Structures are given as structure tokens and as C-alpha cells.
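Since every read-out is calculated from the coordinates, none of them should be taken as a lab result. Model, not experiment: these values are computed from the prediction. Neighbour counts run over all protein chains shown; Cβ positions are idealised from the backbone, glycine included.
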Amino acid sequence: MTEGTVTLACRNVWKIYGPDPSALLAGGSVPDAAAIAASGHVCAVGGVDIEVRAGEIFVIMGLSGSGKSTLIRCLSRLVEPTAGEILFDGQDLLRASPRELIEIRRHRMGMVFQHFALLPHLTVLQNVAFPLQVQGMARPAREDRAREVIALVGLEGREGHYPRELSGGQQQRVGIARSLAAEPDLWFLDEPFSALDPLIRREMQDEFLRVQRLLQKTIVFITHDFDEAIRLADRIAIMKDGVLVQVATPEELVLRPADEYVAAFTAHVARAKVVTLGAIMTEGAPPGDTAGRLPASARIEDMAARIEASALPHAVIDDADRVIGHVGRQAVIDVLVNRGRG
Amino acid sequence: MTLAAPDHATASPAGPQRPGAQRWLWPVALLLTLALGWAAPLLEALPGLGWLIRVPSALVIDMQAAVRGFMDWLVNRAHFGLFTFRELTRGIAWLVDQPYQAARFVLVEGWVEGRGARAVTHFPPLSWIAITAIVTTMGWHAGGWRLAAFVGGCFLYLAVFGQWASAMVTLASIVIAVPFGVGLGLLLGVAAYLSPRFDRALRPVLDLMQTVPIFAYLVPILFLFGFGPVAALVATVIYAMPPMVRVTTLALHSVPEEIREFAAMVGCTRNQRIWRVLVPAAKPDLMVGVNQVIMLSLNMVIIASMIGAGGLGFDVLNALRRLNIGAGIEAGLAIVALAVALDRLSQAYARRSARPPTASGMSWLARNRWAPALVAVAVLSGLLGLIWPPAQSFPAEWQITTRDFWASLVRTINVNYFDQLEAFKNALLLNVMIPLRRFLLALPWVWVLALVTLAGWRLGGARLAGLCAALVMFIAMAGLWEPAMITLYLCGLSVVIAALIGIPLGVLAASGHRAGRVIGGFIDTLQTLPSFVYLIPVVMLFRVGDFAAMIAVVLYALAPAVRYTAHGLRSVPSELIEAGTVSGCTRWQMLWRIRLPMAVPEILLGINQTIMLALSMLVITALVGTRDLGQEVYIALTRADVGQGIIAGLGVAAIAIIADRLIAAGAARTRARLGLTGRGGS
Amino acid sequence: MTFRNLMASAAVVALGAGAPALAQVESSDPIRMTLHDWTGQLITTNIMARVLEEAGYNVELVQADYLAQFAGLKTGDLHVAMEMWETTGREAMDEAVATGTVVNMGSTGMEAIEEWWYPSYVKELCPGLPDWTALNDCAEVFATAETAPRGRYLGGPVTWGGFDPERVEALGLNYEVIHAGTDAALFAELESAYQRQAPILLWVYAPHWAPMQFDGEWVEFPEYTAECYEDPSWGINPDMAFDCGKPRGPIWKVAWAGVADKWPGAASAIEAFSIDNDTMGGLIALVDLEGGAVEDVVEDWLWENEDTWRAWVEG
């Protein structure tokens, strides 16, 4: 993972509901959970700091009530945070005037919703063209652009249909197409696949990854499904009770969960899908002959067959082709059956 | 009409819980009331206690003069620098008149020069064939062949029974009043949605618009908007608009949160958000409001005709003045036909807007191949009408009538059964009505004030108690105590009887599909048939007086009791029914133990609506000589006394609001106890 | 429209066109005349409207409430109201005339009668009628369960006034006054009683179709004088006023004050309009009892009485 520029950063963001939330934070001190509850307030987001880098898929994962939905709404300023800063390409969103906010949202942000939020009275084409229509783009231009994105999500031929005539998966494809129509830099997806059947969900995840490989957007993706997070994320932020528990790559989460809570999620994850050779190799030069050279960033799942097939260990190399360690059959089998280490 | 504000349902039932005292509170209050009613004449004789029994005259203030002064100022002197208030309203009247004249041109008159025998028609209005074809096609378009046949049948009734010309006059005003009512209601509803403060200010105004009888503000409207159809249109819009405002605000609030967020995320401005996203997304709900506006506009047909709208309402009034009962019934049924046809059409369009359009992806003309055919029918029937008049207007020789049948029916009943009816009436009158009336009039006013306030406190806490007390005090201070108590007696008794008839009918309607349809048709007819039509036969059979008035009120106010009961019973969750079936309930047990108790909140809302309708009938019952608030309003109208009319109208509104708030609070409590969420009603 | 009527109206049109003697009209703006909801008024107004049209004026007929119309007459929204009854409209008319914006255009020539009335068959039960002194002997004949032992007199709507409760008290009548809310209710009860040949005593007025359709008589009270209503010592009861019958009075025409300036010719025609009770009674009968259309009845009358109405226009 390369360290890119930071597109979206939030610093010490709070969202507290209740009779007088700002008074709680007025002193500059950080209130604890007990004090907040005692004063009749509810803390939905408590002092969150995150940085989303350009081009990465940043997944915020949490169970219901963890504050992840409120957080993404703070990031997009759909909900006004009680305190904190949200910097989008260096500009503080919380200081943006309504007019500026409208401009930012029209051209630089897109959002996909859990229940699609399609307009029932518009056709697929009109729905997808809607954000452009709002900007005041002329009809032929916006419809051309809409057709492009509809093709991108594989819905050609359905332009004239109404949302209710489509399956759930198709509706969400419309939602995705619509959020991309205005070519945003920053793409919010709020549990986009949660309302879909498991099979469709998987297909949509693949579709999403395909689109992302093409477009390379900066993405904030919300989910309550840890497997989904692992599949899609470059980095994952785990939230609990409004607070960030851990922010890490999927591999780090699995290998070094910050606490019991995170460990409980990772316990049942097929680690071979997450862990790379680099994480299980024995450092240093191989003791004898090797069966071949494998990159450290490769996932075990993909390399397992090769390593198991050979009695000799494989050398592990870094990006610069230097041998940095070696890995043998036994280490791979340990991971596959979830034994030891970790 | 629905007064119940949406927040009633969610308001948590306030009021302290004291199980012991609670059980005894109302029985004790009832006993005390009975004792006081009986003893009041004795107490009144005691020195120094009179002010507790009768409203002391020192308390009564002359609000009428203030209203009169205000109205005089508004009508004659108010101005905004460049123009006076009246010039403003006259300007509005002119604006409304333009589309109205256009509608008349198309539906009624065409282009005619001269009048009466000298009239020369340059251009005919749409022929009866064309209009029937248009509405039938709309029926087909909105709801298929069945609806097309129904709507076409209704319009054929108008032609065959010789009601065409008047019906088109009425239709022309409906066609104008409804868009104005819907448009204005939509704008106000949107404004209330955007600004909670405006919403709070608007609500009591809407309550008043729905409960103050129209007669009360008819005279100022005539002053401000001039004489003729436009004033009638304005009155119709005022009366028919409030449900649209409420429905709009509610519908916008219930648009899914995600849709609202979506609007923000694509960078909609406020106007784009409202008009491009929220309003279209709320369209199916909004159509419910449109339907209400149509029905209420048709309820206004009679009163509108009194101030110049003409049409079917005028025919009804005119026929009944001549005691031509048959003609009155036929014209009345024409109003029913028009109302039911428009109602079914608008409901079908509402359902249609919630469905995906079929055959999408085709051009408009390809999807609507009937459109050119329709234009052809309209043009051809018009051209044919030039050489063969029956194609233009339905010829008199083909018309049929049932007038003699109705007249002889009433005559037969009158001649043969009057004595039996009279005996029944006398029994009820002497044993129930007159004693009740005496009792209520004898009750000390302070006790009534205390009782209503107590009810408010028990059901809704301090705020409701305060509101109730203030409204009762208003009635007392306006010097309306006696007519208000007579109103209470007449409406109260009518509502009880309507409930006794309506709830079993509702149970019956919910019991089977066919029974539901038959009863539904009966109820629709009763609600849209102008009450004047049955008021006159009722007077013939029961003489002038409270009894005739009560029958008219019961007939009119029956509908919601039936509808809400049936709806409440039908919407009991199916798991509960299944649970009952599994535990071996008989049909009766199912009804008594499961369905009725679960339907109580809904039935209470039905009773609430019944009360509202009963109160709105007061002005009509004044026409058969009651002495209640309705009569006060009516007298004020005939004397053109704005002050008296508006104050008495506010008295009616005060009673309506007390009843509405108390029952809504009671329904909310019951619902909370049953663990039901959301808001019932239709 | 029957063939005869068609011919008649064609002829009227021809007459109108062929009569150059008619004056030039002062303004072609329409004169707005009010229609109410009783037949006599519709006939009166339609006759006047047709006559004015013959004279070349434009006329517009507007539906309006009998008393609420004063609001329009004062502002000039409405121009002419053809029937304002002395007996029911006097107060409102006086109030309007006092403002200076409405003027009384004189009598229509018809006289309004309002009085207690009973069907003829009641005389068998109460032979002393029509003299009012017989009423107390027959109180039980007219009594109902509600009013017994007192007799029941069905009065007009409260708004008609008429001082019936005062009359009952002043003349010592053993009767209770029940107010009907509207005249439709009033005559509905009459029709019902008549069908059953049951006794009834009620307020009836003329010109109206009811006293023509139903056979009956007015009760004869001591004759009305102005003093009777004002001076308690006058009449049978030395302590109370109203110990006499009801006044009879003209049916007036009223108009917006501006009519005379804007359409002087029309104003003088309206002032000249006159028709008597019997003629009107006949016309009302043609409509209400024989089912004719108002327009046809009016055209026939115009055809047959051309001299009469031409004199209004030309005089």
C-alpha cells in the first residue's frame, strides 16, 4: 500500500444528540461516556479522527448503533457535527457556505444509498441524468453522459424502465450509475449491498471492484458485514459505540486485533484470504534450495497450492526483487487450518 | 375531514397514573353531574350562587362588535399603500374568473351572443357525447374497463335524467376549484414543511377553516370577492383546501430519509429539492389529498349555489322550494353520480401513480393511441351536432324521469305510516330528547367547565386542560352558552345514535366482500347526497323540530363511524387472527375478544370524524328550525351580520376542537396501551 | 320549448328588430340583475330582463342570496333586485338605503300577504274559523305531543320576524310557536298534512304557489294598524302591543344608486315595471303547478302583453 495524498480527513469529530450538546464540549475537555449519558445526551460519534487517502477504498465497519451511519453523514455534512473539522482536499467542509456546499456536492461528491433512493417517477435514464439536470446541464449532453454510466454498470437496454420494474440488484446498479454521473472525486457508499440477497451481494461486490479498478475513486464505504469489509477494503475502520476501535489493513486486523471486540470479528475469517506471505515467512535467507520465488505481498490463498505441492520452501521477495525470507509447507497449512500464530 | 394532527399519535399519553383514584374518578363525576343537573334549579334559587349556575352577564363581553369593526376595516379601509385590501381580493377574483370562464366556455356555453330567445351560438360547447367519451377514456386509462363503464354510466345518468346542463355548470366550478384548492394547499403544505414555526401557526387556522361553518364568513367573502360564481369558488376553496395542506405536510415528512439525503448529496437547491424530488416522490400520498379536495368541493355545491354558483345545487334548492321531491332527489343523485365518478377516477389515478407505467420506452403518442380518436369524437360530435342537434345536447324527448315515483313513495309513506312514525318520534322525543335537553341546559356552567378541563387533564395533561378551559370560557364569554348546550345535546345524541347504527354496520361491512361493497355504496351516497334532499321528506314525515334535525344529522354523520370501524377491523394484524383461530375462537369470540378491542383506536377516530360531520351539519339543520349555534350562524347570515356570524361560527369551532383534541388524546392512549404504533385512519 | 313558444319568441325578436323607436342605450355594460330561489322572483326578474334587452340593454342574471345581495348592491357589483318584500326585507333595505348606495325603485305593484293560514278541511273540526277568537276553542285540534295541551302554530324562520310569540301572548292564545328554519320546511309540513288531511296551522305568504295549490283560508285577526304595533293601549289587550294581524305591504324593487346615472333609460323602465298579484299568481301557477319553464312562460307573457311592457320602456 502506497502512502497517497489525503483526500478527506476528519479531526476530533463529535456528534452528540440531546438537549444542549455543544455545552458538553464547551470546556475543551473530553467528556466520558458516563457523563454524557448522565446528562441525558446520546453520543453517536465521539472524537473520531480518520484520514482517507486518494484512490483508496476506506471501509467503516460496525454493527448497528455503532455510529458508522452518523459518521458518514458527518463526513458528507448531511448531519451537522457537534464539533470537529472535516477537511476535503484541505478545505473545511464545516465552514463551507450553503452555496459552496451545493457546488461541492454537485461536482465532487457522489453517494450510494442502502435502499437505493431512486426517484420512483423517473425512468432509469432520467434517474441517472438527474444529478446533471440539477446542475443545469442541457438535456442531450446529460442523457449522453447518463447512457455512458448506465453502460458502465451493465444496464444497457433498460434506460426506459422505471425503478419498480427492476430487481434490487439492478436498482442498486442504477444508484451506482447515478452517483457516478457527475464524475465525483469522493464516493460515499452507505451499506450499498446490505439490502440485497447474498448471491446478488457477491456479484455486486465484484462489479464494484471492477468499476473501481477503472475509475480509481476515493471511496468511503460503510458496511456492517465484516467479510464484505475484508473483501473490498484497502483499510478498515472498526467502530463501536461511536468510537473508533482500530484502523488498519485487513491483514493487520486479522493478525493483530486491537482488542477482544475486533478479535471476535476476525476469529472466523478465512485468514488465507487476508494474510500475505510476508506476514508468515521466516525472515532471512533460505537455508537451502528453494522451489521458487514468491512476492511477499501475495495472499496465502492464491499461493497455497504451489507451496503445498513442493517439498522445498519458497523464497519470499519484496517489491525490489530482493529475497527477504522464506516460507514452507508447514507455515501455510497452519494458516489454512487456523492454527497457532496470529 | 381530518382534524387530527399527525403528532397526536406520537404524543405520549401524559397525566399521572393513579389506579385507585382513576377507577372512581369518572363514575363519581357522572353521579355528581346527574345530581347537579337535577338540583340546579334549587341551587339557583339560593342567594349568591346564581353566578355558578348561569353565566353571569358581567362575564359576557361584546366580541361581535369587535369582529364587525375589524371586518368593516378589512373590507372598506384596509390598504397596502398602492391598493386597498378589497382591490387585492378583487384582483384575485379576476384571476380566478379567467379560467372559470374558459371552463364554462368548454363545458357549458360555447360562444354565445345574446341571451334567452335571442341567443345565437357561434361555437358550441363540448357535446355530451364528447364529454362522456372523455371521462370514459380517463376511466379506462386510470383503472381499466370496469372503471370506464362505471364513470361512463354516471355521466350517462346525467344525460338521461336531464341533469346535463346543470351538471356541467357544477363540473365547470369543480374543475376550477379543485386545482386552486390543490395548488394552494400544496404551497401552504410545503411552506409548513419547510418552516416548523409556520406549521405551528397554520394548524389552528386550518382547524378553524374546517370547523367554522361557511355561512359565518359568506358575507365578508361576498364583499371582498364580489357577487357571483367567483365568490362561491373562493368559499369552496377555503372549505376544501385544509386536508390538502395537512396531507401535503404529512406526505413530505414521510418521504424516506434517504431520498431527502440524496437530494442534498446531488446538490439540489431548496426549490429543486422540493419540486423535483420530494413532491414527485410523495405523489401517491398527495393524491389522497386531491381526492379529499374533490369530495369536499362537491359537498359545497349546495351552499355555493346559494351565492351564485348555479348548477345542480341550484336545481336541488329550487326543486325543494317547490316541494318537488322527485326533482330534488334526481338532481341530488346527479351530484352523487358526479362525486362518485370523480372520486373513483381520482383514486384510480392515485393508485396508478404508485404503479410503474406499463409499456415504458415508447413515445407518448404510441402509448396513447386513444388520444387522436378522442379528439376525433369531440370534433365529429360537435360537427354532427350542427346538423343533428341530439348529437350536441341530449334531447328532452329521450330523457326519463322518476319524479312521480319519488313523490308517490313519500306520499304513500306519509298517508299510511305517519301515525306509527309519529308515535315512535313522540316516544323518543318525550322520554329522551326533551329530558336530556332540559338536563343539559340546567347544568351549572362552572361544573361543565370543570368537567371538560378535568377530561383534558386526564387525557392529555396540562396543555390540553388549558386549551379546553380556554375554549369553554370563550363560549361562555361570547354569550353563547345556551345555544352551545343545545348544540351539545343535538350533536351528542346524534353521534351516539350514529355510532349505535354505524359500528354494527361497519362490523357487517368488514365481515364480507359483498356486504362491504353494498354498505360502501350506501355510505358514499349518503355522504355526497346533499342533505337538503332528504331533509324535506324527513320534515314531511316527522314535522319541523329537533327530531327531524337529528335524523338529518345522523344520516350525514353515519359514514365515518361505518368506514373507520370496517377499516379498523380489517387491519387487525393477520397473525393475531391466526393466533385466535389456532386457539379455537368462534366467530363471535374472534370479534369480541380480538378484533373489536384491537380496532378501538380506529373506531375512536371514526367517532371523532362523526362528531366533526355532525357539527358541520348544524347549519343545515338550522333550516328546519333548531335553536342551536347553527341557527345563530344562519340568523346572522340572513341579517348580513358579520360579527354575530363569525362569533357563533367560532363557538361551533370551539366545540369541535375540544371534541377533536379529547378524542385524539384518548385514541393515542388506547393505541399506546395496545402497543400499536403509527397512525391509523384513511 | 314548444312550437308555439318558439314562434312567440321569434316574433318578439322580429318586433324588437323592427322597432326603431327604441332609445339608444346609454351604456352597453351589462346590467346585473339578481335571481333568488323562488319562482315569482324568477318570473319578475326574467320579464324585466327581457324587456330591457328589447330596449337594447345588455343584461346579466346572477344567482344571489336574498339578503346577502345587499352587499353587492351597495358596491355596484350587482345592479337590480326585483323583489324586496316589505314583510321580510324591510330592515335590510332600510339599512342599505340609508347608506346612500342603494335606492328604492318603487313598488312592483304586487302586495305581499303574510298571515296565519289553515286548509279548508280544518273548518269541519273548528267551525268558528276564520275568526281568530275560534282558535282557543280548537287548540287541541292543532296540538301535538310536544305542545299539548296547547295548540301548535308553525311560524316562519326566526329571521322573518313577524312577532308571532308576542301576538300569541297579547291575544291570550293557547298556542306554542314553533319556528320552521326555511320556507321549504314550512311548506313541506303543509304538504304532508294536506296529503293526510290532518289539521295544521301555519304561516303562509302570497304571492306563492301554496295558497293556490292548497285550498285554505287566512285567519282573520283584528286589522293591522301602525298603532297596534307601537302603542300597547291600542286594541283588545290594553297592556300589550301586537294584538292584531300582520301588516300587508308592497313588494319593492331596489337598485344600486349608480343605475340611474349609468343607464337612465333602464332605470325609468325598472321604475315603471308593474304587475298585479293575480297576474303573477297565474304565471307562478303555470310554472310551479303545470311544470312550464320560466323562460317559456315569460316569452308567452311578453307576446301577449306587448302594449304593457312597451309602455314601460317608452314612457
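Each Lys or Arg adds one and each Asp or Glu subtracts one; over the other residues with Cβ under 15 Å from the Cβ of B:I607, this totals +2.
Among the GluC sites (Glu not before Pro) within the stretch C:16-112, those in coil by DSSP and having at most 15 neighbouring Cβ atoms inside 10 Å are C:E26. Classification of chain A by its C-alpha gyration tensor yields an oblate form. The axis ratio a/c (a ≥ b ≥ c) is 1.5 or more, and b/c is at least a/b.
Judged by a Cβ-Cβ distance under 4.7 Å, the unpaired cysteines of the protein assembly as shown are A:C10, A:C43, A:C74, B:C154, B:C268, B:C468, B:C491, B:C585. The string of couplings for the stretch B:266-282 from the Karplus curve (6.51, -1.76, 1.60, θ = phi - 60°) is 8, x, 6, 6, 4, 5, 5, 4, 5, 8, 9, 10, 5, 4, x, 5, 8 Hz, one whole number per residue in order, with x for Gly and Pro. Along the stretch B:312-321 the Karplus relation, 6.51 cos²θ - 1.76 cosθ + 1.60 evaluated at θ = phi - 60°, assigns HN-Hα couplings of 4, x, 5, 4, 4, 4, 5, 4, 6, 4 Hz to successive residues, with x for each Gly and Pro.
Close amide H partners of C:H179, meaning residues 5 or more places away or on another chain with modelled amide H under 5 Å apart, are C:G155.
For chain B, the mean residue ellipticity at 222 nm estimated from helices alone is -24500 deg cm²/dmol, where every DSSP H run of n ≥ 4 contributes -39500 (n - 2.57) and the total is divided by all residues, rounded to the nearest 500. Separation of the stretch B:374-444 from the stretch C:198-218 is 24 Å, based on Cα centroids. Separation of the stretch C:95-120 and the stretch A:2-55, taken as the distance between their Cα centroids, equals 83 angstrom.
Under a model in which nothing but the beta-carbon of Lys, Arg (+1) and Asp, Glu (-1) is charged, the protein assembly as shown shows a dipole of about 5840 debye around its Cα centre.
Distance from the C-alpha centroid of the stretch B:485-514 to that of the stretch B:541-613: 8 Å, rounded to the whole angstrom. In this structure, the amide hydrogen of C:G216, modeled 1.01 Å from its nitrogen in the peptide plane, lies closer than 5 angstrom to those of C:S120, counting only residues at least 5 positions away or on a different chain. Between A:E260 and B:D72, the modelled label-to-label distance comes to 8.4 nm, taking each label 7 Å out from Cα in the direction of the beta carbon.
As a proxy for reagent exposure, B:L320, A:L214, B:L52 were ordered by neighbouring Cβ count within 10 angstrom, fewest first; the result is A:L214, B:L52, B:L320. Within the set A:K217/A:K273; A:K68/A:K273; C:K123/C:K253; A:K68/B:K283, which residue pairs have Cα atoms separated by over 28 Å? Exceeds cut-off: C:K123/C:K253; A:K68/B:K283. Pairwise inverse Cα distances across chain B, averaged and inverted, put the Kirkwood hydrodynamic radius at 27.4 Å.
What the Cα convex hull of chain C gives, in volume per residue, is 136 Å³. Distant-in-sequence amide contacts of C:W116, defined by a placed amide H-H separation under 5 Å and a gap of 5 or more residues or a different chain, comprise C:V219.
The longest stretch of chain A left intact once loop-based GluC sites (Glu not before Pro) with at most 16 other Cβ atoms within 10 Å are removed from consideration, loops following DSSP, is A:157-342. The label-point distance for B:R587 and B:W51, in a model that sets each label 7 Å from Cα toward Cβ, rounds to 6.3 nm.
For the stretch A:272-336, a/c is not less than 1.5, where a ≥ b ≥ c are the root eigenvalues of the C-alpha gyration tensor, and a/b does not top b/c. That puts it in the oblate class. One quarter of the surface of the convex hull around the alpha-carbon atoms of the stretch C:112-230 equals 7.1 nm², the direction-averaged projected area. Within the straight-line cut-off of under 17 Å between alpha carbons, the aspartates and glutamates reachable from C:K74 are B:D72, B:E87, B:D641, C:D65, C:E83, C:E91, C:D94, C:E95, C:D261, sequence neighbours fewer than 8 places apart in one chain being disregarded.
The label-point distance for B:V379 and A:S167, in a model that sets each label 7 Å from Cα toward Cβ, rounds to 4.8 nm. Converting phi to 3J(HN,Hα) with the Karplus coefficients 6.51, -1.76 and 1.60 and the offset θ = phi - 60°, the stretch B:394-409 yields 4, x, 4, 5, 7, 6, 10, 9, 10, 4, 5, 4, 5, 4, 6, 4 Hz in sequence order, with x at every glycine or proline.
Each principal axis of the Cα atoms in the protein assembly as shown has its own extent, and those three values, largest first, are 144, 83, 66 angstrom. According to the square roots a ≥ b ≥ c of the eigenvalues of the Cα gyration tensor, what is the shape class of the stretch A:2-63, taking rounded for a/c under 1.5, prolate for a/b larger than b/c otherwise, and oblate for the remainder? Prolate, because a/c is 1.5 or more and a/b exceeds b/c.
Remark: B:V375, B:V340, A:V174, C:V141 ranked as B:V375, C:V141, B:V340, A:V174, counting other beta-carbon atoms within 10 Å and listing the fewest first. The residues A:H268, A:H115, B:H567, when put in order of fewest to most other Cβ atoms within 10 Å, stand as A:H268, A:H115, B:H567. So, counting K/R as plus one and D/E as minus one, what does the shell of residues with Cβ under 15 Å around B:Q420 add up to? Neighbour charge sum, excluding B:Q420 itself: +1.
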